[in-house]
Amino acid sequence: MAGIRGIVDGPDFVALPNDLWDAAQHPAAPGPHWQQGVTWTDWCGGAQTTYADECIAVTGTDGSVPAAPPIEPTAEGVDRGATAFTVYAAFDCSLIGLPDVDQAAEALARSEAFQVSRAFWTGQAGGQSTVWPHLAADDPLDDPQGIRLQTAANAVVATTDDAAVAIGRLDGALAEQYGGVGVVHVPVAALATLKSRSLLRTDDADGVLRTPGGHRIVAAAGYTGTGPDGSAAPAGSAWIYATGALFGYRSDVAVRDFPGTFDRSTNTVRKQASRTYLFGWECAHLAALMTLGVPT
């Protein structure tokens with residue numbers, strides 16, 4: 001890259017906030033074997049109420065009440081699984097005349113978050129459906145051992161509706177089906193609509209976006225806005241999803257060069273930087289189709 005102009009450093013790359021990896025919990029990795037996939041048990045369901053009939057009286061009656069119903073199971077353990085996928089960037093690097101920086105790793109840092117969130121939304125890696133679980137899904141999938149790899153998104157708003165309706169129903173469904181702090185996944189293009197309707201708030205301490213119900217909002221660059229069946233949303237609308245709490249693993253960045261690709265005519269060699277990811281979530285998997293823009 002020789003020339004009459006001096007070589008300087010460009011601006012620092014700053015990642016977008018409220019990304020997928022930032023919203024996930026990061027448990028300690030169980031060694032490197034998580035890259036072959038993981039299995040865990042979700043205790044999904046709820047609780048019920050009962051009473052001790054000898055301790056209560058009913059106003060307006062003789063005080064007698066029927067016997068309390070028998071105690072039945074209210075929750076069940078579901079064996080869940082998740083698969084890993086790898087994001088990479090390849091670069092033909094000059095062997096001379098460049099600053100001491102790994103171009104492949106730099107390229108990966110700029111595209112990594114987009115590709116990770118695109119795979120997590122669509123389930124596609126390398127042109128194949130291999131990323132489980134993922135958001136845009138309308139059929140469950142079990143592996144040969146009966147481990148649930150994929151759940152079907154329950155559409156709480158199946159036709160285009162106001163953004164407030166969509167967020168409200170996701171908040172309500174998460175409260176009922178999950179009960180804890182969940183995650184609402186929205187395309188970046190939907191943020192302006194939610195902001196204009198005061199449907200998101202920012203935690204001042206860390207800048208985290210939240211719904212009115214307190215669930216974390218992920219607005220990842222690679223989120224496509226497609227529906228559970230993979231189809232594009234109608235014009236002027238976008239699908240959004242909600243899940244229980246997320247967890248994720250990722251590897252260190254691995255950088256390799258390939259001496260066999262050396263090109264003498266350009267003095268370049270192919271380098272590749274890659275990182276492996278895995279994500280899973282608890283229990284709830286919900287979808288809603290929201291209208292974009294400010295209603296008149």
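The values are calculated or read from the model by the stated rules, or taken from the named source; none is laboratory data. Keep in mind that what you see is a predicted model, and the values were worked out from it rather than measured. All Cβ positions, glycine included, derive from the backbone under ideal geometry; neighbour counts span all protein chains shown.
Observations on the structure shown:
- With a requirement of 3 or more residues that are under 26 Å from residue 275 (Cα atoms), the strands (runs of 3 or more DSSP E) lying completely within region 115-220 that satisfy it span 148-150, 183-185, 216-218.
- Residue pairs meeting the criteria (Cβ under 6 Å; at least 6 apart or on separate chains; first over 18 Å from residue 281 (Cβ atoms), in region 27-48; second surrounded by 14 or more Cβ atoms within 10 Å (Cβ to Cβ) and of a type outside the set (D, E, K, R)): 35/84; 35/276
- Residue in region 175-191 that is of a type in the set (Ser, Thr, Tyr), within 15 Å of residue 285 (Cβ to Cβ) and at pLDDT below 95 present: yes
- In region 206-251, the residues that are among the charged types (D, E, K, R) and within 16 Å of residue 159 (Cβ to Cβ): 229
- Flag for residue 88 being of a type outside the set (A, V, I, L, M, F, W, C), at pLDDT below 95 and touching a Cys at 6+ places or on another chain (Cβ under 6 Å): no
- The residues on offer are 235, 173, and the sole one that is surrounded by fewer than 22 Cβ atoms within 10 Å (Cβ to Cβ), without any contact (Cβ under 8 Å) to a residue 24 or more places away in the chain, of a type in the set (A, V, I, L, M) and out of contact with any helix residue (DSSP H, G or I) (no Cβ under 6 Å at 6 or more places or on another chain) is 235.
- Among residues of region 124-144 that are modelled with pLDDT of 95 or more, those with a Cβ under 6 angstrom from a residue that is among the hydroxyl-bearing types (Ser, Thr, Tyr) and surrounded by 16 or more Cβ atoms within 10 Å (Cβ to Cβ), sequence gap 6+ or separate chain, pair up as 132/83; 135/241; 136/122; 136/226; 140/151.
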